[in-house]
Each structure stands twice: as structure tokens, then as C-alpha cells.
């Protein structure tokens, strides 16, 4: 969860996820058409909040610009906004309520009959994972 210093000059930083209900937030529309509910963890209990969103997009670059410009708070994978966090363009909030993302997983029905293209993708991802460790 991030916002810009300009946003926080006008609004107090949220201290708890329920505080987001009083903030401007950029909504994210999923491929299914549903709106993403921001996910949190409190005392090992997962929960999600449907944040108020006058602005809804499925474009991360638009979301990033809105957050940097101080229009609203936004949610990102940390790796996507690392440079903005380091430069001070964005400020992270609610860190204690955000669990680390464990990573993506690839599930497929059977190793015995894996299509060649799927096997190539799985091999590529395994090699890439090893290189990033």
C-alpha cells in the first residue's frame, strides 16, 4: 500500500486497513471483471477490504502515476515500486498488515502427459527462479 508525500500532506496516513474506508484509493479491475479487494493479514488472520474507488483501472502504469501524483493510495507488489520507494516518490503504509507474497505457482494435471509447450514454460520458470535466488 503506497501513497505520495503530496497525498499524505493532505490526508493522515492510515494506521489500520479499516482506515482506508476514509481515503481515496485506486481500484483495480481483474480480468474477470471483478474489483480486486485489498488483502491484509492481522494476527495470522487474512481478510480483504473493498476500498472506496472513484478511479478504477487495470493498467499498473496508470495506477502508478495516480499514486505518484498524489491522487490516491494504491496497492502494488513491492518489486514494482521499489525505485519510487527508494527515491521517496512513494511512501509505504500498513506494512505490518501486508504479508510477503509467496510467489506464483504453476499447477497442471499430470507430468506424464504434459504438453511440450507447457513443459518448456515450466522448465523456463524453474531456471529463472534458480537464477534470481
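Only one of the listed residues (83, 67) is assigned by TED's automatic domain parsing to the domain that holds residue 50 and under 26 Å from residue 18 (Cβ atoms). That residue is 67. In summary, residue 91 fulfils each of the numbered conditions (1) in the same structural domain as residue 20 (by TED's automatic domain parsing); (2) loosely packed, with under 13 Cβ neighbours inside 10 Å with the single exception of condition (2).
Of all residues in the stretch 65-84, those that are under 14 Å from the mean Cα position of the chain (by Cα) and outside any strand (DSSP E or B) total 9. With respect to the conditions (1) in contact (Cβ under 8 Å) with a residue 60 or more places away in the chain; (2) surrounded by 14 or more Cβ atoms within 10 Å (Cβ to Cβ), residue 27 lacks only one, and its number is (1).
Would you please name the residue that is nearest to residue 82 (Cα to Cα), looking only at residues in the stretch 95-131 that are touching a strand residue (DSSP E or B) at 6+ places or on another chain (Cβ under 7 Å) and modelled with pLDDT of 85 or more? I'd like the intermediate steps shown before the answer.
Keep residues of the stretch 95-131 that are touching a strand residue (DSSP E or B) at 6+ places or on another chain (Cβ under 7 Å), which gives 97-99.
Filter once more, so that each one left must be modelled with pLDDT of 85 or more: 97-98.
Numbers: 97: 18, 98: 16 Å.
Among them, the one singled out is 98.
Out of 66, 85, 55, 73, I need the residue that is touching a helix residue (DSSP H, G or I) at 6+ places or on another chain (Cβ under 9 Å), modelled with pLDDT of 95 or more, surrounded by 10 or more Cβ atoms within 10 Å (Cβ to Cβ) and within 18 Å of residue 38 (Cα to Cα). Which one? Full working, then the answer.
Working: 66 fails: touching a helix residue (DSSP H, G or I) at 6+ places or on another chain (Cβ under 9 Å); 85 fails: within 18 Å of residue 38 (Cα to Cα); 55 fails: modelled with pLDDT of 95 or more.
Exactly one of 66, 85, 55, 73 is touching a helix residue (DSSP H, G or I) at 6+ places or on another chain (Cβ under 9 Å), modelled with pLDDT of 95 or more, surrounded by 10 or more Cβ atoms within 10 Å (Cβ to Cβ) and within 18 Å of residue 38 (Cα to Cα), namely 73.
The values are calculated or read from the model by the stated rules, or taken from the named source; none is laboratory data. The shown structure was predicted, so the numbers you read here are calculated from the model rather than taken from an experiment. Positions of Cβ are generated from backbone atoms using ideal geometry, with glycine treated the same way; all protein chains shown enter the neighbour counts.
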